[in-house]
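Q: My structure is below; once you've seen it, I'll send some questions.
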Amino acid sequence: MDSAFTRFFNIPELIAELASLLYRNEVSCLMQTSRTLCHVFEPFLYHQLELRKASQSRLVSAASFQALARNTHHVRRWDTIVYDTAYVYSGLIAYQKQSGHFASSSAPGPPGSPSSWLPTPESMYAEIIPMPPMSNLNKLHMVLVLHRMVKEQPYPHMYTFNVQRSLLQACWIIQSCPILVELVLDEVILSSSADYQALAASLNKLTRLVNLQLTIAPWDDFAWQCYSTIFFACPSSLQTLRMPVVYYPRIHENHRTVNENLEMLLNGPSEQRDVPLTDLKTFGAGKIYRDTSVDDIIAIFAHCLNIEHLYLPDVSERSDVDEIARIIVNACPRLSILYLYDDYLYENSGGYNGNRNVALLNSILKLMPAQQAAKI
């Protein structure tokens, strides 16, 4: 008869329940007690991959990167910033080239030939270790600008930040993870129309996506076109969508080397969704600009007919607050919980005008049926 130890660890549900009660360092200690436990618990050590904590990188040696390369299929959630995104991206490209996937039309990644569409792997790494895609990744959180917490370069050689290269690296990684259900892209700087088309094309492929948060920072005066293109490229599976718009004047012009041919290499504009987001329950509407037409506003909210939670859009540039309120109430009959502002937008946008949003909130409440508003 098998021992109790053997019987216990032959039941995957019990192993998963035990692992869920342990911190990562406890799992690591448990793995060191026997070969059996090392084999059993190694997948759980990689379920949540956070490469950086403050200024310390977890990929401190070739051995740690090789261990990650062996276990990418175990990763379920990945939290990363630009340094580590570039580092992992180089390993992913090396793996694709080594396995000959670039020769196949079914290979994951954006349209267009890799030599023209993709940025080159970072040259700062003396040794690039090929790494398979994170095929089971379902939650991805990325920060796409230089992180304020990192005081020193995390890797031996200088990393030269460029907003478009960082975005394209992120887009390629996103498209190589088709089963994502949660995607958070923080501080996404869009330096040209081709940038937001590349991002829209990547989002359109994520047919299982449920939760999407994009903090976008358009570079020039194409903010509403950018917002609209991304909104209508979002997959119809979404249940939560938040798109606060912020500005980053501190990003230097030198960080913006734009590939003028990128739009042509993308094979035209991204596909646009023509059906409403019927599963969408929570919507953070970002900002409605001065030059945004009433028809554009109607088109956006017509796709949000079942939302129950609404983060009110920033209407600081608008004078037709009552008209916007009427559009929202008519388009969203199930609306019951209103947030005066998106907390991220309020904390990061110095131009935020709370008085206009209070006026919008009051107008919405006047137009809503009695007792429909449950929480403010």
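The values are calculated or read from the model by the stated rules, or taken from the named source; none is laboratory data. Source: prediction; values computed, not measured. Glycine gets a Cβ as well: all are built from the backbone with ideal geometry, and neighbour counts include every protein chain shown. For the accessible areas, the whole protein counts, side chains as well, though only heavy atoms, and no ligand, DNA or RNA atoms are used. Shrake-Rupley method; radii C 1.70, N 1.55, O 1.52, S 1.80 Å.
Q: If each of ASN10 and VAL275 carries a label point 7 Å out from its Cα toward its Cβ, how far apart are those two points in nm?
A: Result: 4.6 nm between the two label points.
Q: Oh, and also: According to a simple spin-label model (label point 7 Å from Cα along Cα-to-Cβ), what is the distance in nm between GLU26 and ARG76?
A: 1.6
Q: Here's a follow-up. Of all accessible surface on the range 8-53 at a 1.4 Å probe, what whole percent is carbon and sulfur?
A: Answer for the range 8-53 is 58 percent, counting heavy atoms of protein chains only.
Q: Here's another thing I want to ask about it. With labels modelled as points extended 7 Å from the Cα through the Cβ direction, what inter-label distance (nm, one decimal) is found for GLU17 paired with LEU305?
A: In this crude spin-label approximation the distance works out to 4.4 nm.
Q: Accessible area per residue for the range 163-243 in Å², computed with a 1.4 Å probe and the full protein assembly in place, what is it?
A: 23
Q: Mind ordering 202-209, 238-245 by average Cβ neighbours within 10 Å, highest first? Walk me through the numbers on the way to the answer.
A: Working: 202-209: 19.6, 238-245: 21.8.
Peptide ranking by packing, descending: 238-245, 202-209.
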